[in-house]
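The values are calculated or read from the model by the stated rules, or taken from the named source; none is laboratory data. Everything numeric here is computed off the predicted structure, so don't read it as measured data. Note: ideal-geometry Cβ built from the backbone for every residue, glycine included; neighbour counts use all protein chains shown.
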Amino acid sequence: MGDLLVFVLSGLVSGALYALLATGLVLSYSASGLFNFAHGATAYLCALTFYELHSGLGWPAVPTALLVVFVLAPGLGWGLDRLMFRRLARVGETAQIVATIGLLVALPAAGLWTVELLADAGAPVKPAENQFGLPGVGPSPAKSWQLTEGVGIDSDQLITWVVTAVVAVALWVLMRHTRLGLLLRAAVDNRSLTELRGISADRLSSVAWMIASALAGLAGVLATPLLGLSAHDFTLFLFVSATAAVIGRFASVPLAFAGGLGLGVLQNLVAGYASFAEGLTGFRTAVPFLILFAGLLVLTRRARTAGVAAVDAPPVDHLAGAPWGRRWGVWAAGAVALGVAFYTVTSPFWSGLLAQGLAIGLVFMSFTVVTGLGAMVSLAQGTFVTGAALVAGLLMSRGWPFAAALAVGTCVAAVLGALVALPALRLGGRSLALATLALAFLADQVLFQLRWLRNGDSGWAIPRPVFGPVDLSDDRALGVALVVLVAVVAAGLSALRGSPSGRAMLAVRSAPAAAMASGVSVLRTKLLLFTLSAGLAGFGGVMYASFNTRITATDFTAMTGLVWLAVVVAAGVRRPQYAVVAGLVFAVAPRVLADYVTASAHVPVILFGLAGLALANDPDGYCAAVPVRLAKRRRGGARTPAGTWPSGPSGARPPDPAGAPPPDPRASNAGGAAIAAPRPSSPPAGAHQSRPGQTPAPPSLEERGPGRSPDPSAAPAIAARGSGPSPDLSAAPAIETPGPGQRPARVRLALRGVSAGYDGGLVLRGVDLAVRAGEILAVLGPNGAGKSTACRVAAGALRPTAGAVFVGGRDATREDSVRRARSGVVLAPEGRGIFPALTIEENLALYLRDPAARSAVYDRFPRLAERRGVAAGALSGGEQQMLALAPLLQRPPEVLIADEPSLGLAPRVVEEVYALLTELRDAGTALLLVEEKAAEILGIADTVACLSQGRVSWCGPRTEVEADRLTEAYLGMAT
């Protein structure tokens, strides 16, 4: 019983540190969608700072700890968010993983280099790296108390427990009982909807990163007596705490916190009672990684497979279809020049260095296969290199020839890759990366500790091969052989990329669901890629070990693989030739820096880490960015996308140089089908339209807003936009001219000549729409007409490529959705504009901070009052829509944009929703409603616009809508 208590108490110490780190991981991931592999590096940097200030400079422990935790760590989190994390959140997941791995590499090296510089300057700092038995926040040496016989605790453990408990309570209060916590949870639940409600998700993300960094700094300070100062141990600590984040599904702070505590206890219990594993060297320390891998397999949900192409789109190949000489001429010339240089201009030292770079380039090309072709991030490449080299060395020690040992070692690496991939391939993104890293640590601590495989600390000799008269013991001969070998492998990978199998691999990378529908086996393709990558890494590993003439189990650890990945992805992971460049840079750069810049070993590591950070700007790497920039320069700059026009200051389309009058927008639509002229009729009440032949009156100064030009042509107008250079206001229904003594209703929202789209493709092509206060403008059209895109442009969620958006007469084209929402423009997005994980009360509190206003909502909707503590996601579709609209009735917005408000609702509920929308119109709100179903919306609309193929094909009063016109709008043809 005493042993059990000891295991539990000591496990709670490490578990408390896991809980702090895991909580920070969940907070930062939830707020930004970015998993921070460098979280442990932040903890290490804070621990290093605390140690140097306290032990080196003699500062008091508690004030120093407070300074580090509440000033340095949050400042570091804020700075990294502003400089890097915000941009990383907008790039592909591969770039995110590699960039934070680069930060993991760079931060500890930057801290140690700073200490080195301070020491050179005469500051009283102490040696930092790999120092153990260091003082913590409490007394030094630590005080001890005996609880029972054989069971005791010390002051460092007690401080860790107390501080962790206080932090747990503080986090609970923050997240559940403060408005900041409510906003953070809302951003976690639906980041885009948060911005549509006028709440800056970027600011919330900064707050989350500051809190996460503070928790990492606290864990680092508390862990100093336990871990000492070892960047490697802190990194291992992070990946163990990632298991707790997995338990919390990267979303639940309480679950992650409890998971961290339980993980520490479980780790100690397994290590203490797993007697069966006493014969397995390293098993006890590998337990957390077994738990991590199992947790990923059991708890991680499979990611959605569609839509990957939009997130991780490949760069444009400007040489596609070019002749062989143009595509490969430069690379072939470079290979020939390098081969000639080995026997002409390079010294023996530089020949060896270049040969080493070519050998590591072979390993780097394995990343081209798994990450470049397969979009999978493998952090186990160092394991495949070590495994193949150890097997080859073992066989050669038994008298096997080099070629046979190389072949067997390569096959062993491929088999090991398949064994790693089989259980892990159903995971994706960060989960797959964590799983492969867990297996890499398992191999380091268990597999490569087998004495028959590693041959003790001396390893195995791997002599350089001799093929007949060709003796590769000479660095020059080996260099030339590697040039040929690298060229053959690069050509083979390029041929694979262009083959049917390669196209199937690229299809699986970009759109797995579509590839599966086309008969491509996604699992088999990914398994093939992973196996091929592992075999290529093993092949390169044997050649690299042959260059060094020896291999030991510690030459290429899991951490080495992290640096490799950062370097090769920063250069460009999609093309094999870029991997070769990365290999040469990796071999040559440290020597150049040592000779001409600084002798510090930390500077090359910092630079390699910063290369990964640069992916926030160039997600496809430096080398891939060069031809893109050169191609743009040759073209004289980026061209205007097809279907758009260069926009001037106002975004308006320039007049037709031929001076031809614009076509009547009512005479034809984008499809060319004729539309009958509308019948003359009186406009309905509330519809601000002109009579036939009547021209619109110029807007008043009030409509134009302060600071606007009095030129009537500068004011937005509602018109049917055709393909001509400007709207024909005389031929289209226009804004009604007010009678004597009447003031026109103010235009609240207007889109003028708006073109917009996604990833260079246009969806809207010159759309003109306007809606006035107290008016419902219904936009009808089939799927793909651009209705949702028009809503996003109007709400500021998508910036137009041409044209302008006016809110209350003010040009708001460049405003984002947050500023647009704060000016009174509210978007109810397609589906439901609610936060599913928040309760009804919390959903209302986001929009109505006054309790009296929420009480008024409950009086109006008793059903919501009865269930105010229920999560909004548990409500029916109708109740969710009521919840989305209820606070708007209490505080009506200037403009409401509703995208498919009747989607998925029963007819009775649709009537209730439309009644609420009509009530908002009567309160003076301008409503822009988008619907596919015309019958219901025509009952409440004042004005109707038909959208077809990105253009307004007709716009006019509700009473002038005819069956022919609707048929044309929906089917593209007249009856």
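Odds and ends about this structure:
- Filter result for ALA599 (loosely packed, with under 13 Cβ neighbours inside 10 Å and modelled with pLDDT under 85): yes
- On inspection, ARG792 passes the criterion of being within 25 Å of TYR847 (Cβ to Cβ) and under 26 Å from the mean Cα position of the chain (by Cα).
- Contact annotation: residue pairs with Cβ atoms under 9 Å, 6 or more positions apart or on different chains, pairing a residue in the stretch 919-931 that is in contact (Cβ under 8 Å) with a residue 12 or more places away in the chain and farther than 11 Å from ALA941 by Cβ with a partner that is surrounded by fewer than 21 Cβ atoms within 10 Å (Cβ to Cβ) and hydroxyl-bearing (Ser, Thr, Tyr), are VAL930/SER788.
- The set of residues in the stretch 905-923 being surrounded by 15 or more Cβ atoms within 10 Å (Cβ to Cβ) and not in a helix (DSSP H, G or I) consists of LEU905 alone.
- Residue match in the stretch 806-819 (condition: surrounded by fewer than 23 Cβ atoms within 10 Å (Cβ to Cβ), of a type in the set (Ser, Thr, Tyr), assigned to a loop (DSSP other than H, G, I, E, B) and in contact with a Ser or Thr (Cβ under 6 Å, 6 or more places away or on another chain)): no
- Number of residues in the stretch 507-555 that are β-branched (Val, Ile, Thr) and more than 23 Å from VAL408 (Cα to Cα) equals 4.
- Single residue of the stretch 463-479 satisfying the filter (of a type in the set (Gly, Ala, Ser) and part of a helix (DSSP H, G or I)) that is surrounded by the most Cβ atoms within 10 Å (Cβ to Cβ): GLY479
- Residue match in the stretch 398-411 (condition: within 27 Å of ALA566 (Cβ to Cβ) and either β-branched (Val, Ile, Thr) or not in a helix (DSSP H, G or I) (or both)): yes
- Count of residues meeting criterion [surrounded by fewer than 24 Cβ atoms within 10 Å (Cβ to Cβ), in a strand (DSSP E or B) and in contact with a strand residue (DSSP E or B) (Cβ under 8 Å, 6 or more places away or on another chain)] in the stretch 924-950: 1
- Cβ separations smaller than 6 Å between residues 6+ apart or across chains give the following pairs from the stretch 471-496 residues that are within 15 Å of THR346 (Cα to Cα) and assigned by TED's automatic domain parsing to the domain that holds LEU373 to residues that are aromatic (Phe, Trp, Tyr) and in a helix (DSSP H, G or I): ARG476/PHE342; GLY479/PHE342; VAL480/PHE342.
- Being within 22 Å of ALA355 (Cβ to Cβ), outside any loop (DSSP other than H, G, I, E, B) and not small (Gly, Ala, Ser) holds for only one residue in LEU532, LEU593, and it is LEU593.
- Filter result (farther than 21 Å from GLY181 by Cα and in a helix (DSSP H, G or I)) within the stretch 822-842: none
- Enumeration of residues in the stretch 220-273 that are small (Gly, Ala, Ser), over 29 Å from the mean Cα position of the chain (by Cα) and either crowded, with 23+ Cβ neighbours inside 10 Å or over 21 Å from VAL115 (Cα atoms) (or both): ALA223, GLY262, GLY264, ALA271, GLY272
- Condition check for ALA110: at pLDDT 85 or above and either under 21 Å from GLY260 (Cβ atoms) or under 37 Å from the mean Cα position of the chain (by Cα) (or both): yes
Here is a yes/no grid of residues against (1) in a helix (DSSP H, G or I); (2) modelled with pLDDT of 90 or more; (3) polar (S, T, N, Q):
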| residue | (1), (2), (3) |
| --- | --- |
| LEU66 | yes, yes, no |
| PRO74 | yes, yes, no |
| THR94 | yes, no, yes |
| LEU104 | yes, no, no |
| ALA128 | no, no, no |
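- Residue in the stretch 10-30 that is over 24 Å from the mean Cα position of the chain (by Cα), assigned to a helix (DSSP H, G or I) and at pLDDT 90 or above present: no
- From LEU88, LEU103, LEU72, residue being in contact with a Phe, Trp or Tyr (Cβ under 8 Å, 6 or more places away or on another chain) and assigned by TED's automatic domain parsing to the domain that holds GLY220: LEU103
Matching residues to (1) closer than 19 Å to GLN577 by Cα; (2) over 25 Å from the mean Cα position of the chain (by Cα):
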site	(1), (2)
GLY334	yes, yes
ALA337	yes, yes
SER347	no, yes
TRP350	no, yes
LEU358	yes, yes
GLY361	yes, yes
PHE367	yes, no
THR371	yes, no
MET376	no, no
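- Long-range neighbours under 9 Å by Cβ, at least six apart or interchain, first residue surrounded by 15 or more Cβ atoms within 10 Å (Cβ to Cβ) within the stretch 847-868, second of a type in the set (Lys, Arg) and part of a helix (DSSP H, G or I): LEU848/ARG854; ARG868/ARG854
- Total residues in the stretch 768-803 satisfying the condition of being part of a strand (DSSP E or B) and within 18 Å of GLU900 (Cβ to Cβ): the figure is 7.
- Any hit, the stretch 368-386, residues being without any contact (Cβ under 8 Å) to a residue 40 or more places away in the chain and of a type outside the set (Gly, Ala, Ser): no
- Pairs linking a residue in the stretch 126-139 that is closer than 17 Å to PHE234 by Cβ to a residue that is of a type in the set (Asp, Glu) and outside any loop (DSSP other than H, G, I, E, B), with Cβ atoms under 6 Å and 6 or more positions apart or on different chains, are GLY136/ASP156.
- Cβ separations smaller than 9 Å between residues 6+ apart or across chains give the following pairs from the stretch 446-466 residues that are among the aromatic types (Phe, Trp, Tyr) to residues that are loosely packed, with under 14 Cβ neighbours inside 10 Å: PHE448/THR554; TRP460/SER397.
- Residue satisfying condition, being touching a residue at least 60 places away in the same chain (Cβ under 8 Å), within 22 Å of the chain's Cα centre (by Cα) and surrounded by 24 or more Cβ atoms within 10 Å (Cβ to Cβ), within set LEU565, LEU536: LEU565
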